[in-house]
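In what follows, a single structure is set out as structure tokens and then discussed.
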Amino acid sequence: MKLLPWILVALLGVLLLILAGKVYTLRKSARQLREGMAQQLERETNTLLSVSSGDREMRALADALNGQLAQLRAERQRYQHGDLELKEAITNISHDLRTPLTAIVGYLALLEGEEKSEAVERYLSQISNRTQVLHQLSEELFAYALLTAPQPLHPQRVDLRGLVEEALLSYCGAMEQQGMEPTIQLPEGRVERNLDPTAAGRVLSNIISNALKYSVGDFAVTMTPDGVITFANSAPDLNPVLVQRLFDRFFTVETARHSTGLGLSIAKLLTQQMEGTLEAKYQEGQLVITLSFPVA
């Protein structure tokens, strides 16, 4: 009878060792599944998840996760294939539009030299206006198809302040035509960044063009010495919800004039490719767009 307590203690010790080993094995299997999932999500691989444990439930969990990963890979491939087809379709459509549009523009130019009644003059003006819209749309579609495909940029040391000045000067005529008087505040001296000058110019141009669509006459451009650029204009037809969608593909506001819904989307994409940030907010009736790039 004196040995019974010691036997019970020994049995309890054995049970504790078995339980500790079981817990260790389960923790090891969980760690293997976690690390395997991280590797599967980080890079495309057909390797199956496996566990060293012989536990039936852990193996069932691994099998279930492998099934979900297989479905995820299939959905990803289907998405990538569909996205590629969309890009190819956009490129082909833009090419197909260019030929007839070029012919229409040519014939309209010929008609400019002919005698016309006032009504015909008005109709031709409308046709010319709509033709320009179609031409802009085809160019934006073609540009977007090119930009969404992997395109190498060629960064170099550029003066960001100079690029802003050039972009504003290129829109002076359009601003005067709309009666827009911009307020511009730029720092003295160069603000150097490592950027692709063509891509950076496209970003600035698209932002200014967007201001021409939504502004009611005012436009302010401010650049700080550390290179943060702010574009602000009154936009009574916008609201905080619409502003958050301005960078979405093909999103347009009904009141936007000649809008294709691609300008700011392209600007956002190019900015991200150059490791910059482009944000928009609606503040006291104004659309405020902030652009910045990392220091060279």
Here, strands (runs of 3 or more DSSP E) confined to region 158-224 with at least 1 residues that are buried (at least 20 other Cβ atoms within 10 Å of the Cβ) and in contact (Cβ under 8 Å) with a residue 24 or more places away in the chain are 192-195, 218-223
The condition of being surrounded by 11 or more Cβ atoms within 10 Å (Cβ to Cβ) and without any contact (Cβ under 8 Å) to a residue 40 or more places away in the chain holds, among Gln32, Gln71, only for Gln32
Of the listed residues (Lys22, Lys28), the one being part of a helix (DSSP H, G or I), farther than 19 Å from Leu72 by Cβ and at pLDDT 80 or above is Lys28
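Whether any residue in region 70-80 is more than 30 Å from Glu35 (Cβ to Cβ) and part of a helix (DSSP H, G or I) is what I want to check.
First, pick out the residues of region 70-80 that are more than 30 Å from Glu35 (Cβ to Cβ): none.
Looking for residues that are more than 30 Å from Glu35 (Cβ to Cβ) and part of a helix (DSSP H, G or I), one finds none in region 70-80, hence no.
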Selection from region 276-296 of residues assigned to a loop (DSSP other than H, G, I, E, B), modelled with pLDDT of 90 or more and either in contact with a Phe, Trp or Tyr (Cβ under 7 Å, 6 or more places away or on another chain) or over 22 Å from Ser205 (Cβ atoms) (or both) yields Gly276
The number of residues in region 196-220 that are closer than 14 Å to Ala280 by Cα and either of a type in the set (Asp, Glu) or in contact with a Phe, Trp or Tyr (Cβ under 8 Å, 6 or more places away or on another chain) (or both) is 3
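If I filter region 130-142 for residues that are in contact (Cβ under 8 Å) with a residue 60 or more places away in the chain, in the same structural domain as Asp226 (by TED's automatic domain parsing) and either of a type in the set (S, T, N, Q) or over 21 Å from Tyr214 (Cβ atoms) (or both), do I get at least one hit?
Narrowing region 130-142 to residues in contact (Cβ under 8 Å) with a residue 60 or more places away in the chain: 132-133, 136-137, 140-141.
Those still in the list that are in the same structural domain as Asp226 (by TED's automatic domain parsing) too: none.
Checking region 130-142: not a single residue is in contact (Cβ under 8 Å) with a residue 60 or more places away in the chain, in the same structural domain as Asp226 (by TED's automatic domain parsing) and either of a type in the set (S, T, N, Q) or over 21 Å from Tyr214 (Cβ atoms) (or both).
The values are calculated or read from the model by the stated rules, or taken from the named source; none is laboratory data. Predicted model only: the values in this text are computed from it and were never measured. Heads up, the Cβs are rebuilt from the backbone with ideal geometry, glycines too, and the neighbour counts pull from every protein chain shown.
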